[in-house]
Amino acid sequence: MRTGFFCDIMSHMLYKSTRDGNIRLKASEAILKGLSDDGGLFVPESIPELGSLSEISEMDYKETAFTVMKPFLDDFTDEELKTCIDRAYDEKFDTKEIAPMRYAGGAYYLELFHGKTIAFKDMALSILPHLMITSAKKNDLDKEIVILTATSGDTGKAALSGFADVEGTRIIVFYPKDGVSPVQKLQMVTEKGKNTHVVGVDGNFDDCQSAVKKTFTDRDLNERIHKKGYIFSSANSINIGRLVPQIVYYVYAYTRLLKDGKIKAGEKINITVPTGNFGNILAAYYAKSMGLPVNKLICASNENKVLFDFFNSGTYDRNRKFILTSSPSMDILISSNLERLIYHIGGDDPEKNSALMEALKKEGRYEITPSMREKLSCFSGYFASEEETGEKIKSLFEESGYVIDTHTAVAGAAYDKYRSESGDDTVTVIASTASPYKFAKSVVSAIDGSLAGEDDLKLIDRLFDISKVKIPAAIEEIRNADILHRTECGINGIMDEVEGFLK
Ligand SMILES: *Cc1c(COP(=O)(O)O)cnc(C)c1O
């Protein structure tokens, strides 16, 4: 990859590895690489400031996206970035607003599931392929890009759908074969794109993610595939090209509230995010760091409450049982993106961060210092049990007629706990991360227990009767689609699968 001249570097936003201070790349280079060779994640060297929020409140989603993303991706020309944005946020979304908000049960639900695969991953994965292809051109890349993806359920289909038949790319998705919902699985195994490969793994998401990261940074394998004309990149939220587009909708949500007179200029809001890999909430943290008036970032976990324990004790400890819940996209014990936050609260110190990540790898746990903990005061960790999650779906529906999915319900229940414990009635936005149709069985049985025995696809029509929300095209598509991907492998077979597909 070409690196710029010194004067060129001086004038651009640079991305550093969280584990090696000597690595500095421009945005397009960091997007192409995905993960740093040292296993670290790329982080912006500085956080740009947001412009006038009252001006942004007059902008539509695309204009907001350009304003927020441009200073992060400043080696893209205006023209290049605008083209990427135009191609991403088009009729693939079933609403012009792209990310509409709905007030219910005392909070604003920011619906991030109006894209092609009906989960919030579409918000970033609609644009990532365009950012990547543009980055390849800018850097005179002469290799085919191979996207390696581990998924807890939603990233897989969103990435497949973004990269399907995109020239110059191939994509391989690994999902935990018994750890995703039936709809999530069907969405992936019916993918038609000619450049796609979907593999069910005998293991959980953490196993998949660790094996994919290892494959990614394996020197010998990288050498072999380079000779064949390939280069690896990532569509997981470890890629900065995923994270930056996710900042946009928090700014958008704030400025809609401002425009609609729900908040006054400068008034702070709370943001609650159902969290797994810590990508979505990290984007909210970056939005706050850019100057968005945010009071609390409420990090909501399901029963895999490793983050709840971390925020309440200062110790991150993954040594515990992995629990399969009704919010599978949050069934994660190693939240990759937390590394970026750890790096920042440690004073952007790669050595300090590396030591903690080494401890996580070796002992499965690490403890942060009191001064690092102080910098976490804007975060509050809460969690919801399976029972509380179901109860939230039911009570919100009974109170307002609004139906939310299981992940969003984890956030809703966590927020209710936060609110009653703190008495804080700051205006609150809850990230609504998936359409309830994606988890029909859990949602319908939470509302009507008598239907608990039925399967997901059978309950789609019942969910329509309950919610009166149109059945999304993504669901209609899989109802009769052919299964095209049947490959399965063990955790140790992931590297061979990758090499086999690239033969
Ligand atoms: C991925 C996902 C999450 C978790 O988001 P992170 O960025 O991994 O924290 C929550 N809900 C749904 C529906 C998801 O697909």
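The values are calculated or read from the model by the stated rules, or taken from the named source; none is laboratory data. Remember, it's a predicted structure, so these values are computed and weren't measured experimentally. Backbone-built Cβ (ideal geometry, glycine too); neighbour counts: all protein chains shown. Only protein heavy atoms, including side chains, enter the accessible area calculation; ligands, DNA and RNA are left aside. Shrake-Rupley method; radii C 1.70, N 1.55, O 1.52, S 1.80 Å.
Solvent-accessible surface of region 139-224, taken per residue with a 1.4 Å probe and all protein chains present: 35 Å². Let me cross-check Met59: its accessible surface, 1.4 Å probe, with only protein heavy atoms counted, in Å² to the nearest 10? Probe radius 1.4 Å; accessible area of Met59 about 40 Å².
The simple Förster model, with R0 at 45 Å and r as the Cβ-Cβ distance, assigns Thr426 and Arg479 a FRET efficiency of 0.60.
Label positions at Lys96 and Glu351, each projected 7 Å from the Cα along the C-beta direction, are separated by 5.7 nm.
Model label points for Lys468 and Asp448, set 7 angstrom from Cα along the Cα-to-Cβ axis, are 1.6 nm apart. Take the Cα of Glu358, step 7 Å toward its Cβ, do the same at Lys214, and the gap between the two points is 2.0 nm.
Given H placed on each backbone N at 1.01 Å, which residues far from Ser233 in sequence or on other chains put an amide H within less than 5 Å of it? Excluding prolines and chain starts, which carry no amide H, the hits are Val146, Ile147, Leu148.
The slack in the chain from Lys228 to Lys375, taken as 0.36 nm per residue of separation less the alpha-carbon distance, amounts to 48.3 nm. FRET efficiency for the pair Glu79 and Glu58, taken as 1/(1 + (r/R0)^6) with r the Cβ-Cβ distance and R0 = 35 Å, rounds to 0.95.
Order the following by accessible area, largest value first: Glu29, Glu58, Glu499. Probe radius 1.4 Å; ligands, DNA and RNA are ignored. Walk me through the intermediate numbers first.
On the way: Glu29 5, Glu58 130, Glu499 40 Å².
Ranked list, largest accessible area first: Glu58, Glu499, Glu29.
On full extension, the segment bounded by Asp178 and Glu49 gains 42.1 nm, given 0.36 nm per residue less the C-alpha separation. Rounded, prolate or oblate: which one fits region 1-160, using the alpha carbon gyration tensor with axes a ≥ b ≥ c (rounded when a/c is under 1.5, else prolate when a/b beats b/c, else oblate)? Prolate, because a/c is 1.5 or more and a/b exceeds b/c. Taking all protein chains together and a 1.4 Å probe, the residues His344, His130 rank His130, His344 from largest to smallest accessible area. Loop-only trypsin sites (Lys or Arg not before Pro) in region 236-288, please: DSSP not H, G, I, E or B, and at most 15 other Cβ atoms within 10 Å. Taking region 236-288 and a limit of 15 other Cβ atoms within 10 Å, the loop trypsin sites (Lys or Arg not before Pro) found are Lys262, Lys264, Lys268.
Taking amide H as placed 1.01 Å from N in the peptide plane, the amide H of Gly490 sits under 5 Å from that of Asp202, each at least 5 places away or on another chain.
A cut-off of 5 Å between modelled amide H atoms, ignoring neighbours fewer than 5 places along the same chain, links Ile298 with Ile271, Thr272, Val273, Ser380. DSSP loop GluC sites (Glu not before Pro) in region 415-498 with at most 14 other Cβ atoms within 10 Å of their Cβ, which ones? Hits after loop and neighbour filter: Glu454. In loop segments of region 82-175 as defined by DSSP, the GluC sites (Glu not before Pro) with at most 10 further C-beta atoms inside 10 Å of their C-beta are Glu91, Glu167. By the helix-only formula, in which each DSSP H run with n ≥ 4 contributes -39500 (n - 2.57) and the sum is divided by residues, the chain has a 222 nm mean residue ellipticity of -12500 deg cm²/dmol.
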